[in-house]
């Protein structure tokens, strides 16, 4: 089989055994790899009602047909499980060198079942898996963990969790560090907490297995012919990284500030991409086989953190740990980013949860006694201290470690109305009030508060009307299909969108055919993305998700943007309900948000339709 190794490794952590599952072209063509494989494997291996932090949860790591090929920016992997934050199927992608090395072990996916009886790391090679004692790594930061395992094993790439994952912080992140590249961070959804609950500190990979391609020469020619499009489309990202968005979106009046009390941050320039590039750039960094090099290392000059060298804080981090907390100090941003990377925290969930707490104190819903001191906008020292406290579940940090939704429910009163989250996942920096496509996208996306289901990129185009709901449900369906495809083949979103198109088109079909030898078309790939989205929805419906759960934060629906170019914009409940009905109709779902049997059967998911019908959770006979 071309483009694949054709093997999935299942590891039983409880009994320290493993087995190989082989698959053929039918599975490859239906689900592609990455995210698609994750959804299929979890559908087959998870029982409904599984608690995310129980041994019964299953976590999958999968790569795709593009991985290790000449296709640019394809060293990507997908990790998926029941999320400790949302309680639902969740997938998180990451880059670096680890994904390519995993494929070189002769595997397309690794599936972890059960729980080890003591802290271990897994050593994966072409010969199989070895269970190694990791007691000496307990509590270690991520980079030290990766370095220690690399020195012990030699010639390995390592994906590790930090103390936050060990302590099962519900939004704990894991990271792969590689000396020649930017780190690969699997940030969202708490996948590191799942590993921590299974007593897995790290997964190391080493291998030299080759993958056969249908036409390697023609693929290389095609990549070379399209290289200029990639270079041109990603030029700003190459120069500045994602912080290039800070000034642009702030000028639009769409940059969440002080827990959305405003969407304009008055002290934006020092934390903008342009300013930090001009003053602190140390070097460009990149994932393996990526021509874009959107990563940057900064060298801080002056201030409290003078001399600190670390990778740039991404746009989302600057939003969550900066503007949402009223902080505009670049040194603080770099220090906070370093702590989150090393301790293993998702910067978005950490920052947005903190912003909820800050506003709750301002409104009298939390006292200094509750928290252990004051919480004031712009207080960077308190923010940095609380990152450590939530990691180690100390004092008020233990409550923060549960995430915004649980914290708001515990505080009670008006706190749930101050929460900026959807489906239990804290929202990122692309405004749910200023961008109508993000409004319906956040409400219906599998992950919820994530910009990696529905993409904001095209919504920032000058000709895109963000004030109207017209056409937005159809736009969201197509961009969700696109992201499902991208996370399954697998390719970095930046290179794909800016080099080959932000919607599925024939370029993706042509490249995939050169990799696999298939005769696929853009229309078939659109259906493949649709199939994966529907399987993800079926996983949610099986857990009881319905129309009532496709919801937006109270602030987005009831509190218009107070100032700036988008003053007055929000997404009131009746507007959201109208977009949901239209979205469901396009998707072929019933009015309760469940895929119909007809839709699932059309997408070759008849077994899924039967299972949902048997469970009583949807898949009726209607046409949607």
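Note the full-extension length gain between residue 604 and residue 224 as 0.36 nm times their separation in residues minus their Cα-Cα distance, in nm to one decimal. All intermediate terms of the calculation are to be shown ahead of the outcome.
Numbers: separation 380, 0.36 × 380 = 136.80 nm, distance 3.59 nm.
Result for the pair: 133.2 nm of gain on full extension.
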Query - Pairwise FRET efficiency - residue 306 versus residue 14, Cβ, R0 = 60 Å, nearest 0.05 - result: 0.75
Query raised in the report: Starting at 0 and stepping by 10 Å, how many percent of the alpha carbon pairs of region 151-293 end up in each bin?
Result: 10, 22, 30, 27, 10, 1
Requested in this report: Could you sort 573-582, 208-217, 420-429, 597-606 so that the peptide with the highest average Cβ count within 10 Å comes first and the rest follow in order?
Outcome: 420-429, 597-606, 573-582, 208-217
Query raised in the report: Mind listing the Cα extents of region 238-425 along all three principal axes, in Å, largest one first?
Result: 49, 35, 33
Query - Euclidean distance of C-alpha centroids, region 110-169 and region 345-400, integer Å - result: 30 Å
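Pairwise over distinct Cα atoms, reciprocal of the mean inverse distance: report the Kirkwood radius of region 7-205 in Å, one decimal place.
Numbers: mean 1/r = 0.0613 Å⁻¹.
The Cα-based Kirkwood calculation yields 16.3 Å.
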Query raised in the report: Where Rh denotes the Kirkwood radius from the mean inverse Cα pair distance, what is Rg over Rh for the chain?
Result: 0.94
Query raised in the report: Which whole-number percent gives the relative contact order of region 238-425, counting Cα pairs below 8 Å spaced six or more residues apart?
Result: 17 percent
Requested in this report: Could I have the simple spin-label model distance between residue 2 and residue 232, label points 7 Å from Cα toward Cβ, reported in nm to one decimal?
Outcome: 3.0 nm
Query raised in the report: Calculated FRET efficiency, residue 554 and residue 458, Cβ-Cβ r, R0 30 Å, to nearest 0.05?
Result: 0.60
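How high is the relative contact order of the chain, in percent, with contacts defined as C-alpha pairs under 8 Å that are six or more residues apart? Provide the component values of the computation, followed by the final result.
Values: 1492 pairs, mean separation 90.5, N = 624.
Computed value for the chain: 15 percent relative contact order.
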Query raised in the report: Expressed as a whole number of Å, what is the distance separating the alpha-carbon centroids of region 6-21 and region 445-498?
Result: 35 Å
Query raised in the report: Using just the C-alpha positions of region 469-624 as equal point scatterers, what log10 of I(q)/I(0) does the Debye formula give at each q in 0.08, 0.09 1/Å?
Result: -0.29, -0.36
Report summary line: Yeah, region 258-313 with a ≥ b ≥ c from its alpha-carbon gyration tensor (a/c under 1.5 is rounded, else prolate when a/b outruns b/c, oblate otherwise) is oblate
Requested in this report: Can you tell me the relative contact order of region 427-502? Whole percent, Cα pairs under 8 Å, sequence separation 6 or more.
Outcome: 28 percent
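Multiply the residue gap between residue 138 and residue 269 by 0.36 nm, knock off their C-alpha separation, and tell me the result in nm, one decimal place.
So the extension gain works out to 43.2 nm.
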Query raised in the report: Within region 58-87, whose backbone N sits under 19 Å from a point 7 Å along Cα→Cβ of residue 615?
Result: 58-60, 80-87
Report task. Please give the FRET efficiency for residue 215 paired with residue 592, using the beta carbon to beta carbon distance and R0 = 41 Å, rounded to the nearest 0.05. Result -> 0.30
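For a protection proxy built on the mean count of beta-carbon atoms within 10 angstrom, sort 348-356, 430-438 highest first, please.
On the way: 348-356: 29.8, 430-438: 26.7.
Final packing ranking: 348-356, 430-438.
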Query raised in the report: Gap in Å between the Cα centre of region 39-68 and the Cα centre of region 553-624?
Result: 24 Å
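Report the full-extension gain for the segment residue 574 to residue 51: residue separation times 0.36 nm, less the Cα-Cα distance, to one decimal in nm. Don't skip to the answer; put the middle values down first.
Numbers: separation 523, 0.36 × 523 = 188.28 nm, distance 3.37 nm.
Between residue 574 and residue 51, full extension yields an extra 184.9 nm.
Taken together, the values in this text are just the output of simple stated rules run on the coordinates, not laboratory data. Only a predicted model underlies this, so the values are computations on that prediction, with no experimental measurement involved. Every residue, glycine among them, receives a Cβ derived from its backbone with ideal geometry; neighbour counts consider all protein chains shown.
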